[in-house]
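Chemist: So that we are looking at the same thing, I have put the structure below in structure tokens.
The values are calculated or read from the model by the stated rules, or taken from the named source; none is laboratory data. On a predicted model such as this, the values are computed, not experimentally measured, just so you know. Because the Cβ atoms are built from the backbone with ideal geometry, glycine has one as well, and the counts that use them run over all protein chains shown. What goes into the accessible areas is simple: the full protein's heavy atoms, side chains included, and nothing from ligands, DNA or RNA. Shrake-Rupley method; radii C 1.70, N 1.55, O 1.52, S 1.80 Å.
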Amino acid sequence: MSTYADPYASSRETTEGTVFSVTGGDWDSLVTEIGQAKEERVVVNMGPQHPSTHGVLRLVLELEGETVTEVRCGIGYLHTGIEKNIEFRNWTQATTFVTRMDYLAPLFNEAAYCLGVEKLLGITNDVPEKANVIRVMMMEFNRISSHMVALGTGALELGALSPMIFCFREREKVLDIFEFISGLRMNMAYIRPGGVAQDLPAGAVEKILATVKDLRHSFKDNEKLLVGNSIWMKRTEGIGYLDLAGATTLGVTGPVIRATGLPLDLRKIQPYSGYENYKFDVVTADTCDVYGRFLIRINELEQSLRIIEQCAEKLKSLEGAPVMVADKKIAWPAQLAIGADGMGNSLNHIREIMGTSMESLIHHFKLVTEGFRVPAGQVYSAVESPRGELGAHVVSDGGTRPYRVHFREPSFNNLQSTSAMCEGSMVADIIGAVASIDPVMGGVDR
Amino acid sequence: MSDDQQGMFGAAGTGDTSGYGGLVRATAADGSSQRPFGGYFDQVADDLERAYPDFADAIERVVVDRGELTLHIKRERLVEVALILRDKLKFEMSMGVSGVHYPDDKNRELHAVYHLLSVTNNQRIRLEVSVPDIDPHIPSLVEVWGGSNWNERETFDMFGIIFDGHPGLTRILMPDDWQGHPQRKDYALGGIGVEYKGAVTPPPSDRRSYK
């Protein structure tokens, strides 16, 4: 392959090697160069501060009139070095970091990471059933809250204001469930290596079932607003086209590849956390466009509700069952509890370690400060997040801290398809195409 | 992987007098696996050997660990193997590239790890290529799986691995004029200490901690 002079990525040689400059202060030379060309070519910067770029995504557009001839994505504005940071924290502490990557799907980040750690420890089958049921239930609730943001903001960006109000109302109900169960609405670090941080509070199953009923009723409002709405369909049908061949080579997963007709859903083909025990359908569409991806998200809501109902049914018979592995050398010593001053170690536990048992105190201290050791090796664990395959490549050198963790973020890979979807289309359709990818920049940049 | 690690607590040369710092921990090498590999791995290895006559020369070793198959491949042969895996063995999708830096693995310091998924056969395998720090070149797989484009840019950005033949190997997450490659082990985490009422909590990389 040949290298060519690129107006957006000039290179220069230094003692350290070739240095490329993508953004640089080269607008003047670019404008001069373009001014000499005969055709009407305009280069426009969209973002990084733009309300429809889902955070801080920068798109460099080359336009001929209203037609987009080239799209380049600029990312990295939200890079926080989470993968580097967790190399300096112990295996349990890392959950509080990874939960902040894709901030709309915190539980999936935790799940992918914890499944990887459990695989390295060889305790995948020792995770108690109740912990698995709670994980599945929380992930499906999270899928709903994430899809609600995708649908609400997607519609808002195309000019439909009402769905946003309904979607955020529904999301709020899900966040209330999260707060009720984990104490936090976002970034809850609830899934831990070996199980979950705390058992369900009293009355949880009733509350969950009531919320499911409520959500199922109110999802209809959204469907009525958008499904079949002629203005909405004109903005979305045939827009952002990406077929199966394109999606496969670009490594695109999630609703975008399911909109090409391929039922690629890890919950079905490579089940984890007991997904093989639930009845649900993989939703697909065959339109390869924004409308198909929208319909998939709408219809996945009902499938998530179905799974949650089955979880609630299982939870009824699991009252009092453990939610953390039995191995005391891995299990977090204390259950968390929500007290008058917020969430913390349960008072019973504090009474035990501070008042009655020196051995308990030592055990607590060792596990909390030192943590546990994970046998050396590497694994890849993947879960089906709302945006596609979220994989964690976890490497251990046998120590108490991760040696290297790399996340295969679905947003990162899916965002690459922006150029394929948008080049040749109208400017206004970029908004719809990007919204249908549903990238979360916290996940893209990590 | 690296040799035994000495000392399980604290930074080297500190005043740790507990004796705990003298403990030695073996970081087991992952070695190579012998047949039968189990599961569908034998089938994958057989198919690859049949479709690719130079198998013995191109594959350095095969590791089956924790139910996952890793093929360690010579970098000169990476593109050939990748093409055969894609076209003959139906590994249609590359799920990305992750770099790992093993400073103690002499002349193989930088590893690039590719996660492949076969949708047709519902299989996963992993390719691993190791290159020395002084010559960090790996052929690009953008021509094989277009989605490798950003993944290779990220691995270049974070580790300094140069993917030859990549259409535009520029930094992707860090600023363009950034010095160094942050995910390498010789790149300090950084951070500043936090002072509160006279006591200072050092940044995480400078704390005495368990290894």
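Chemist: Rg and Dmax of the protein assembly as shown, using alpha carbons, in Å: what are they?
Modeler: That works out to 25.2, 85 Å for Rg and Dmax.
Chemist: Under 20 Å Cα to Cα from B:LYS90, which lysines show up? Leave out anything in the same chain fewer than 8 places away.
Modeler: Filter leaves A:LYS268.
Chemist: Over 29 Å between Cα atoms, which of A:LYS224/A:LYS314; A:LYS84/A:LYS314; A:LYS220/A:LYS279; A:LYS173/A:LYS279 qualify?
Modeler: From A:LYS224/A:LYS314; A:LYS84/A:LYS314; A:LYS220/A:LYS279; A:LYS173/A:LYS279, over 29 Å: A:LYS224/A:LYS314; A:LYS84/A:LYS314.
Chemist: On to the next question. Find the sum over both chains of the accessible area lost when A and B are paired, probe 1.4 Å, and report it in Å² to the nearest 100.
Modeler: 5200 Å²
Chemist: What does the average come to when, for each residue of peptide A:63-69, you count the partner chain Cβ atoms lying within 10 Å of its Cβ?
Modeler: Taking the mean over all residues of the peptide, I get 0.
Chemist: If you don't mind, another one. Given contacts defined as C-alpha pairs under 8 Å and at least six residues apart, what's the relative contact order of region B:32-173, whole-number percent?
Modeler: Numbers: 260 pairs, mean separation 27.4, N = 142.
For region B:32-173, the relative contact order is 19 percent.
Chemist: I'd like the mean, over residues of A:78-89, of how many other protein chain beta carbons sit within 10 Å of each residue's own Cβ. Working shown, then result.
Modeler: Numbers: counts 1, 6, 1, 7, 0, 4, 9, 4, 0, 5, 8, 2.
Shielding by partners across A:78-89 averages 4.
Chemist: For region B:32-173, what's the radius of gyration and Dmax over Cα atoms, in angstrom?
Modeler: Answer for region B:32-173, Rg first and Dmax second: 14.6, 42 Å.
Chemist: Quote the charge dipole size of chain A about the Cα centre in Debye, to the nearest 20; the model charges only the Cβ of Lys and Arg (+1) and of Asp and Glu (-1).
Modeler: Dipole about the Cα centre, nearest 20: 1300 debye.
Chemist: What whole-number value in Å² describes the accessible area per residue of the protein assembly as shown for a 1.4 Å probe?
Modeler: Details: 27030 Å² over 657 residues.
Value returned for the protein assembly as shown: 41 Å² of accessible area per residue.
Chemist: Between exposed GluC sites (Glu not before Pro) in chain A, where DSSP calls loop and at most 10 other Cβ atoms lie within 10 Å, what's the longest gap? Spell out each step's value before the answer.
Modeler: On the way: sites that count: A:GLU16, A:GLU39, A:GLU40, A:GLU66.
Longest stretch, sites excluded: A:67-446.
Chemist: On full extension of the chain, what length is gained from A:ASP327 through A:SER346, given 0.36 nm per residue of separation minus the C-alpha to C-alpha distance?
Modeler: Fully extending the segment from A:ASP327 to A:SER346 adds 4.9 nm.
Chemist: Compute the angle between helix A:106-121 and the longest alpha-carbon principal axis of chain A, please, reported from 0 to 90 degrees and rounded to the nearest 10.
Modeler: Taking the Cα atoms of chain A, the angle to A:106-121 is about 60 degrees.
Chemist: Give the angle, between 0 and 90 degrees and rounded to the nearest 10, that separates the Cα long axis of helix A:427-437 from the longest principal axis of the Cα atoms of chain A.
Modeler: The two axes meet at around 20 degrees.
Chemist: While we're looking at this one, here's another question. Looking at the square roots a ≥ b ≥ c of the eigenvalues of the Cα gyration tensor of region A:312-446, which shape do they give, rounded for a/c under 1.5, prolate if a/b is larger than b/c, or oblate?
Modeler: prolate
Chemist: Just tell me which aspartates and glutamates come within less than 19 Å, Cα to Cα, of A:LYS316; anything on the same chain fewer than 8 places away is out.
Modeler: Partners within reach: A:GLU129, A:GLU140, A:ASP199, A:GLU206.
Chemist: While we're looking at this one, here's another question. Springs between alpha-carbon pairs under 10 angstrom, Gaussian network model over chain A: which of A:PRO193, A:PRO410, A:PRO128 fluctuates most?
Modeler: A:PRO128
Chemist: Sequence gap at least 6, Cα distance under 8 Å: using those rules, report the relative contact order of chain A to the nearest whole percent.
Modeler: 24 percent
Chemist: Evaluate peptide B:112-119: per residue, the Cβ atoms of other protein chains within 10 Å of its Cβ; return the mean as an integer.
Modeler: Taking the mean over all residues of the peptide, I get 4.
Chemist: When chain A is treated as a GNM, springs tying every alpha-carbon pair under 10 Å, which of A:VAL68, A:VAL98, A:VAL196 comes out with the largest mean-square fluctuation?
Modeler: A:VAL68
Chemist: Here's something else I'd like to know. Of B:VAL44, B:GLN179, A:TYR103, which is farthest on the positive side of the dipole of the protein assembly as shown, counting Cα position, with +1 on Lys and Arg Cβ, -1 on Asp and Glu Cβ, and the Cα centre as origin?
Modeler: Result: A:TYR103.
Chemist: Rounded to the nearest 500 deg cm²/dmol, what is the calculated helix-only ellipticity per residue at 222 nm for chain A, with -39500 (n - 2.57) per DSSP H run of length n ≥ 4?
Modeler: One gets -13500 deg cm²/dmol as the mean residue ellipticity at 222 nm.
Chemist: Further question on the same structure: By DSSP, what percent of the beta bridges with both residues in region B:104-204 are antiparallel, rounded to the nearest 5?
Modeler: Antiparallel bridges: around 80 percent, rounded to the nearest 5.
Chemist: Please compute the net charge surrounding B:ALA112, taking Lys and Arg as +1 and Asp and Glu as -1 over other residues with Cβ under 15 Å from its Cβ.
Modeler: Its environment carries a net charge of -2.
Chemist: Moving on to the next point. Find, among the trypsin sites (Lys or Arg not before Pro) in region A:280-339, those assigned to loop by DSSP (not H, G, I, E, B) with at most 13 other beta-carbon atoms within 10 angstrom.
Modeler: A:LYS328, A:LYS329
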